[in-house]
Amino acid sequence: MPVDLHGILLLDKPLGLSSAGAVARVKRLFNARKAGHTGSLDPLASGLLPICFGEATKFGTQLLEADKTYRVTVRLGERTPSADRESEVIETRALPAFSREQLERALAAFPRDYRQIPPMHSALKQDGKPLYEYARAGITRERAARAITIHELRLLDWQTPDLSFDVRCTKGAYIRVLAEDLAAQLQTIGHLTALRRLSVAPFDTEPQWAFETLEALSLEERHRLLLPVDAALYACRRFDLPVGGISALRQGQTLNIAVELPGMVRIYAAGLGFLGLGEIQAAGLLKPVRLISSSMNRA
């Protein structure tokens, strides 16, 4: 029988597997009742896919909203309809003899705040259908541009016609679109040939676990790999709640507290540990935002 399990696994998703397929496989390996991923990776992409178990799924939004870092390879001089290897090359162009210095300047000059138009080959829905279904039928729909921020672009390698770089960016960035936009800035065309997600803030240095490693461990050893439920919230300040306020907080009441800086906080109580996420408002009030089940504190 599946068991109630709480925590976060940093999975190194392999190529060729969907994010949903990865979750299903992890659930079986961990004999877990409830699990979900936070920020999908296409089958053609590999790398970090945080899997939340049990009560940790309540805080998956924080990982969806987090900055992410990718290792990218773009093939310049070729274009595909999907902007990646999912479809065949439909256009080629001769490339100039780019130098490494030219490419470093191009990366440095690329806009850090810009508006991306989501690709037609995406899971975004219009009129109840994902855009990729329209694309496969040869239909193009209007898409609203979305604002994203590129924090860092760093050239790794240039072996004609393949350009490799690392990018750290905000949520919602389509790396396929970035590949095409960067190629356009270089006055050519391009498409994504390799993508690996290196990190999801705040998980920048923690080990990631491949299926081969997980399958070689016992169930107990796998469970010990889980990060705590609050691991995704360490960017928020800690707030220690007096024992007298626990019951009211769990009933959804806003509490009067000593005046502190406003903002989101991780709430803890002596003897119970982590209780959930709250918001301190300007008037010295603590409002519960998302709390874990009291049964977990008793476990």
Odd one out for Leu63 among (1) open to solvent by less than 10 Å² (accessible area, probe 1.4 Å); (2) in a loop (DSSP other than H, G, I, E, B):
(2)
Qualifying position, being closer than 18 Å to Lys34 by Cα, part of a helix (DSSP H, G or I) and either at pLDDT 95 or above or not charged (D, E, K, R) (or both), among Glu212, Glu220
Glu220
In a helix (DSSP H, G or I), at pLDDT 95 or above and more than 17 Å from the chain's Cα centre (by Cα) - does that describe any residue in region 230-247?
no
Quick one: in region 87-129, of everything that is assigned to a helix (DSSP H, G or I) and basic (Lys, Arg), which residue is nearest to Asp162 (Cα to Cα)?
Arg100
Taking region 282-299 and keeping residues of a type in the set (D, E, K, R) and either at pLDDT 80 or above or in contact with an Asp or Glu (Cβ under 9 Å, 6 or more places away or on another chain) (or both) leaves Lys287, Arg290
Against the conditions (1) out of contact with any Lys or Arg (no Cβ under 6 Å at 6 or more places or on another chain); (2) touching a residue at least 60 places away in the same chain (Cβ under 8 Å); (3) assigned to a strand (DSSP E or B), where does Leu49 fall short? Just the number, please.
(1)
Name the residue that is farthest from the chain's Cα centre (by Cα), counting only residues in region 114-156 that are more than 14 Å from Tyr174 (Cα to Cα), open to solvent by 60 Å² or more (accessible area, probe 1.4 Å) and at pLDDT 90 or above.
Arg154
Output the number of the condition that Trp209 fails; it satisfies all remaining conditions of (1) open to solvent by 20 Å² or more (accessible area, probe 1.4 Å); (2) over 20 Å from the mean Cα position of the chain (by Cα); (3) aromatic (Phe, Trp, Tyr).
(2)
Given the conditions (1) open to solvent by 90 Å² or more (accessible area, probe 1.4 Å); (2) within 13 Å of Gly190 (Cα to Cα), which single one is not true for Arg71?
(2)
Among all residue pairs at least 6 apart or on different chains, which show Cβ distances below 7 Å where the first residue, located in region 16-28, is free of Cβ contacts under 8 Å to residues at least 40 places away in the same chain and the second is open to solvent by 40 Å² or more (accessible area, probe 1.4 Å)?
Gly16/Pro43; Leu17/Pro43; Ser18/Pro43; Ser19/His37; Ser19/Ser40; Ala22/His37; Val23/His37
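The values are calculated or read from the model by the stated rules, or taken from the named source; none is laboratory data. This structure is a prediction, so every number in the text was calculated from the model and none was measured. Glycine also receives a Cβ, built like all others from the backbone with ideal geometry; neighbour counts cover every protein chain displayed. Just the protein is used for accessible areas: all its heavy atoms, side chains included, with ligands, DNA and RNA removed. Shrake-Rupley method; radii C 1.70, N 1.55, O 1.52, S 1.80 Å.
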